[in-house]
1. Cα axis of helix 58-71 to longest principal axis of the chain: angle in degrees, 0 to 90, nearest 10?
2. How far is it, in nm, from the label point at Ala111 to the one at Val155 when both lie 7 Å from their Cα along the line to the Cβ?
3. Over the range 157-211, what relative contact order in percent results from Cα pairs under 8 Å that are six or more residues apart?
4. Between [x] 29, 21, 12; [y] 33, 22, 15; [z] 38, 19, 16, which entry matches semi-axes √(5λ) of the Cα gyration tensor in Å as derived from the coordinates of this structure?
5. As a test of understanding, state the convex hull volume per residue of the range 89-157 from its alpha carbons, in Å³.
6. Any idea what angle helix 159-173 forms with the longest principal axis of the chain, computed on alpha-carbon atoms, 0 to 90 degrees, nearest 10?
7. Work out the charge dipole of the chain with +1 on the Cβ of Lys and Arg and -1 on the Cβ of Asp and Glu about the Cα centre, then indicate which of Pro140, Trp24, Gly150 is farthest towards its positive end.
8. If you take the charge dipole of the range 44-187 about its Cα centre, with +1 on Lys and Arg Cβ and -1 on Asp and Glu Cβ, which of Ala178, Ile106, Leu125 is farthest toward its positive end?
Amino acid sequence: NGIDQDQPVAGLLSGQLLAKNGEWKRVLQIVDILAPKMPNQPALLRLEGEAALANGVPERAVRALTRYLVEKRDDRKATLLLAKAQIKIGDALSAQKTLARYADAISASPAELRTMSKIAAALKLPTAEAYDIRATTPLPGFIADRLGRGNAAMVDSRWAEAIEIYGEVAQATGRSDAVVHNNLRWAQYQAGRINSALDNLAKAFAAAPTN
């Protein structure tokens, strides 16, 4: 593979490039070369998890992604990958716990909802059909637009704007949504509005008590 163990960062970048091209067998080979030099590197663990899942080794994917998410728990795509790997090894209950905080949020993606439907079906829960329906039902335009703008404001640290936008979403949906309240909590905390932040933290926990 032409990977120099003495230059692990360059090797990691090569692996990430190959991952973008879907060359998962080569990616896993690179991970095996780099792992002794970078045993706890989050980016390598994430790469290992995705490559292992793509190569049909879900047990390894579960181990790598579980370790990765200890440090990077808000990586939404990695959370979905872990849930898929857990389904593959027959652990639907763990998959449900892994994905619920995103799949039960108003901002859930179709991929998250379809995966949660599979989990619910495996657990023989009556919610499987509801997740399927949500996966094929677009969010109302206003809410989708507001969520996109709110996320952008958070990335740019425009806290006052994020507070206004997520507040609008919470009011418009008329439901308690853990992700919306958690984002609102963080923006309020950054803006120094501690009491409001604590209030939304409580609402987030109430909406997702196992998160």
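1. For 58-71 against the chain, the angle is about 60 degrees.
2. Simple spin-label model gives 1.6 nm for this pair.
3. Dividing the mean separation by the residue count of the range 157-211 yields 36 percent.
4. [y]
5. 88 Å³
6. 70 degrees
7. Value: Trp24.
8. Leu125
The values are calculated or read from the model by the stated rules, or taken from the named source; none is laboratory data. Computed from a predicted structure; not experimentally measured. Counting neighbours? That spans all protein chains shown, and the Cβs are built from the backbone with ideal geometry, glycine included. The protein model used for the area step is the full one, side chains on, heavy atoms only, and it has no ligands, DNA or RNA in it. Shrake-Rupley method; radii C 1.70, N 1.55, O 1.52, S 1.80 Å.
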